[in-house]
Amino acid sequence: MRRILIAGNWKMNVIDNINPVIDSSMKNDVDVLIMPPFIYLERFNTAIKGSRVKLGAQNMSSQEKGAFTGEISPLFLKEFGIEYVAIGHSERRHIFKETDEEISLKMQKAIDLNLKPILCVGETESQRSINKHKFVVENQLKIALGGIENNLKNIIIAYEPVWAIGTGNTATPNDAEEMHLFIREQISFIFGRNVSSEMTLLYGGSVTEENVKDLLRKDNIDGVLVGGSSLKGDKFAKIIEIAGKTNI
Ligand code: PGA
C-alpha cells in the first residue's frame, strides 16, 4: 500500500510559519516532508521534534569527504538524522549543469548510505513540443537507476516537468497520470513489477491547494512535491489537509 507523501521544497527560501504545517500533519494521515536550505536543517529538525513532519535535504555531494569546496557530504546528512534527499532537481540539472552521470553517482551513494533519495525527472517544454518527453524521462531514469541493486524500497521518484515548475502551468491530471504510468512501467523494466507497484511517485510543478485534489485522485500519483505553495505555512497546511481527505 503506497502512502501519500506531501513534500515541500523551499529551494533558497524559508517558510513564513511552520506551526500550521506541524498541526496539519498531526491531524491528517499522510506523510509530510520539508526540505529547507542546508543551513536551516538543524533548526527545523528541532522545530519538528515530536511531530510527524520529516526532514529532507535539497541536494548532496556524490562524495563523502575531501576537497570539494561548498559541497555537503551525505555523511553530514546522516549525522544530523536527515532521512530524505532530493537528487537531480531540474534547477540542479539546468542552472547548475548537473549531468545524468553525476546524478547517477549521487543516487548510488544515497542508496549505499541508506538515505531515501527523491529522484527528480522531467522534460523541458521544447522536448515535449517535439514529442520527446517520454524518451527524455526514460533516459533520465535508466541512467540514474541503472547500477542500483539494494535498498530499492528507499527510492522515490518525482516527475516534475520543467515547464510546470514555478510557472503556474500545472500539468493536467491526465497528462501527469500518463507520465506516472509510463514511469511506473519503466521502473518495472528496471527493477521488476513488485518494486514498481510499491514505489512512491510524486508529481511536482505548480501544485497548489486548488489543483492538488485532482492530481492525487489519479491512480499513479502518490503525492506531490510542492515549491512555491510550501512557503506559506497556512497554504501548505491546507494542501496536507486536502491530501488527508483524498486519502480516505
Ligand atoms: P513549484 O516548484 O511548486 O514552485 O512549481 C516545484 C519544485 O520545483 O519542486
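Could you check how many residues of segment 189-213 are farther than 18 Å from Asn151 by Cβ and of a type in the set (Gly, Ala, Ser)?
First, the residues of segment 189-213 that are farther than 18 Å from Asn151 by Cβ: 189, 193, 202-213.
Pick out the ones that are also of a type in the set (Gly, Ala, Ser) and you get 204-206.
The qualifying residues number 3.
Of the residues Ile82, Ile103, Ile72, which is surrounded by 22 or more Cβ atoms within 10 Å (Cβ to Cβ), of a type outside the set (Asp, Glu) and in a loop (DSSP other than H, G, I, E, B)?
Working: Ile103 fails: in a loop (DSSP other than H, G, I, E, B); Ile72 fails: surrounded by 22 or more Cβ atoms within 10 Å (Cβ to Cβ).
One residue alone meets the criteria, Ile82.
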Handout entry: Filtered residues of segment 58-114 (kept if of a type in the set (Asp, Glu) and within 16 Å of the ligand (Cβ to nearest atom))
Key = Glu91, Glu98
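Just the residues that are in a helix (DSSP H, G or I) and surrounded by fewer than 18 Cβ atoms within 10 Å (Cβ to Cβ), please, taken from segment 106-128. It would help to see each step written out before you state the result.
First, pick out the residues of segment 106-128 that are in a helix (DSSP H, G or I): 106-112, 125-128.
Selection gives Asp112, Glu125, Ser126.
Just to be sure before I move on: is Glu125 among the acidic types (Asp, Glu), out of contact with any strand residue (DSSP E or B) (no Cβ under 6 Å at 6 or more places or on another chain) and free of Cβ contacts under 8 Å to residues at least 12 places away in the same chain in the structure I sent? Break it down stepwise before answering.
Details: among the acidic types (Asp, Glu): yes; out of contact with any strand residue (DSSP E or B) (no Cβ under 6 Å at 6 or more places or on another chain): yes; free of Cβ contacts under 8 Å to residues at least 12 places away in the same chain: no.
Taking the combined requirement at face value, the residue does not satisfy it.
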Exercise for the section: Can you confirm whether segment 26-35 contains a residue that is out of contact with any helix residue (DSSP H, G or I) (no Cβ under 6 Å at 6 or more places or on another chain) and assigned to a helix (DSSP H, G or I)? Expected result: yes
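Yes or no: Pro173 in contact with a Leu (Cβ under 7 Å, 6 or more places away or on another chain) and surrounded by 15 or more Cβ atoms within 10 Å (Cβ to Cβ)? Full working, then the answer.
Values: in contact with a Leu (Cβ under 7 Å, 6 or more places away or on another chain): yes; surrounded by 15 or more Cβ atoms within 10 Å (Cβ to Cβ): yes.
Yes; evaluated as a whole, the condition is true for this residue.
Would you point out which residue out of Leu202, Leu231 is surrounded by fewer than 20 Cβ atoms within 10 Å (Cβ to Cβ), hydrophobic (A, V, I, L, M, F, W, C) and within 11 Å of the ligand (Cβ to nearest atom)? Walk me through how you get there before you give the answer.
On the way: Leu202 fails: surrounded by fewer than 20 Cβ atoms within 10 Å (Cβ to Cβ).
Unique residue meeting the criteria: Leu231.
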Problem - Selection within segment 30-75 - of a type in the set (Phe, Trp, Tyr) and over 17 Å from the mean Cα position of the chain (by Cα) - result: Tyr40, Phe44, Phe68
Handout entry: Yes/no for Gly166 being buried (at least 22 other Cβ atoms within 10 Å of the Cβ), in contact (Cβ under 8 Å) with a residue 40 or more places away in the chain and not hydrophobic (A, V, I, L, M, F, W, C)
Key = no
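Can we say Lys49 is of a type in the set (Lys, Arg), surrounded by fewer than 20 Cβ atoms within 10 Å (Cβ to Cβ) and in a helix (DSSP H, G or I)? Talk me through it step by step, then tell me what you get.
Numbers: of a type in the set (Lys, Arg): yes; surrounded by fewer than 20 Cβ atoms within 10 Å (Cβ to Cβ): yes; in a helix (DSSP H, G or I): no.
No.
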Exercise for the section: Filter segment 176-199 down to residues that are in contact (Cβ under 8 Å) with a residue 24 or more places away in the chain and within 22 Å of Gly244 (Cα to Cα) and give me whichever is surrounded by the most Cβ atoms within 10 Å (Cβ to Cβ). Expected result: Ala176
Completion exercise
Checked segment 129-157 for anything closer than 19 Å to His180 by Cβ, loosely packed, with under 12 Cβ neighbours inside 10 Å and polar (S, T, N, Q); matches are Asn131
Practice task
Filter segment 155-170 down to residues that are more than 16 Å from the chain's Cα centre (by Cα) and hydrophobic (A, V, I, L, M, F, W, C), then give me how many there are.
Solution key: 1
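A short reminder: the numbers here are calculations on the coordinates, not readings from a lab. These numbers were taken from a predicted model, which means no experiment stands behind them. Cβ: placed from backbone, ideal geometry, glycine included. Neighbour counts: every protein chain shown.
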